[in-house]
Amino acid sequence: MSIRQANAAAVPTAGRKRRKAEKTRRKLSHFLWGAILPATILIVWQVLGDRELISPLLFPTPLVIADSFVWLWNSGTLNDNLFVSLYRTFAGFGLGAGLGLALGLFVGLSRSAEKLLDSTVQMIRMIPHISVTFLFVLWFGIGDTSKILLIAKGCFFPLYIYSFLGVRGVDNKLFEVTRVLGYSRFKQLVRLVLPATLPNVILGLRLSLAIAWVSLVVAEMMGASSGLGFLMMDARAMSDTPTVFVGIFLFTLLAKITDSLVLFAERRLLAWRDSFER
């Protein structure tokens with residue numbers, strides 16, 4: 001290879017490295033800017049607590065909460081209850097989101113199904129979520145079944161609505177093209193409908209995950225013998241405020257992690273969009 005060819009080959013490589021370094025700097029800058037407010041709140045909270053300007057019973061300092069977390073983890077109490085809550089959340093989310101996506105696509109593709117099912121689904125959606133919690137406990141007990149079904153109910157509707165809207169938002173000319181090309185219904189679904197509805201589906205996933213964690217808290221606080229919500233209720237009865245804050249922070253952290261995972265998948269799956277900023 002000549003020197004000129006080697007230099008020509010090195011230019012794209014150097015450009016890719018430069019873009020990668022710039023992308024890394026942007027991500028780091030975004031993270032640091034996002035961490036400023038939470039870090040400030042924690043520092044001010046700790047200072048106010050050390051100076052006894054806030055009640056240690058109502059607002060234990062972050063260091064006290066951290067000590068409580070370490071004790072709960074080392075004792076095994078947190079591990080067991082955390083595993084139970086994760087199982088309930090993902091089982092309920094998988095059930096509700098899967099059914100919501102399937103039914104939303106089905107109703108979106110069929111006018112007859114829309115006339116038959118959509119009004120009933122929308123009516124059920126209007127039932128306050130917390131009002132059926134007591135019924136689920138009464139019907140299915142305080143075991144995992146009632147928790148999973150309550151979470152599934154909450155996760156169902158965002159996926160149903162956004163997948164339905166995604167299908168109805170596809171340009172009708174694209175459907176005509178697939179018919180001209182002789183696509184079967186299944187091929188039309190895989191090649192056209194699913195890619196076109198993906199932005200809506202991802203938005204529905206994010207909303208469903210948020211509702212899943214809220215539903216878990218409600219379900220475990222209303223009636224449970226295990227889980228993070230039960231741990232928080234038991235701690236409240238004992239006036240163990242640091243443990244309550246441990247539960248709150250864990251729910252917040254888990255919700256943020258799952259939302260970030262969906263955002264990561266969105267960046268990969270929707271990188272083809274012109275409006276998508278990488």
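Could you identify the single residue in L209, L189 that is among the aliphatic types (A, V, I, L, M), in contact (Cβ under 8 Å) with a residue 60 or more places away in the chain and more than 17 Å from G96 (Cα to Cα)?
L189
Can L150 be described as assigned by TED's automatic domain parsing to the domain that holds A219, in contact with a Phe, Trp or Tyr (Cβ under 6 Å, 6 or more places away or on another chain) and of a type in the set (A, V, I, L, M)?
When the stated conditions are applied, L150 passes them.
Would you point out the residue of the range 82-102, among those that are of a type in the set (A, V, I, L, M) and within 26 Å of T243 (Cα to Cα), that is modelled with the highest pLDDT? I'd like the intermediate steps shown before the answer.
We begin by selecting, within the range 82-102, every residue of a type in the set (A, V, I, L, M); these are 82, 84, 86, 91, 95, 97, 99, 101-102.
Remaining after also requiring within 26 Å of T243 (Cα to Cα): 82, 84, 86, 91.
On the way: L82: 90, V84: 89, L86: 91, A91: 94.
Top of the filtered list is A91.
Tell me, yes or no, whether the range 176-189 has at least one residue that is aliphatic (A, V, I, L, M), at pLDDT below 85 and under 27 Å from R267 (Cβ atoms).
yes
Would you be able to say whether some residue in the range 172-186 is surrounded by 12 or more Cβ atoms within 10 Å (Cβ to Cβ) and in contact (Cβ under 8 Å) with a residue 60 or more places away in the chain?
The answer is no; no qualifying residue exists.
The values are calculated or read from the model by the stated rules, or taken from the named source; none is laboratory data. Note that the coordinates shown come from a computational prediction; the quantities given were computed from them, not determined experimentally. Because the Cβ atoms are built from the backbone with ideal geometry, glycine has one as well, and the counts that use them run over all protein chains shown.
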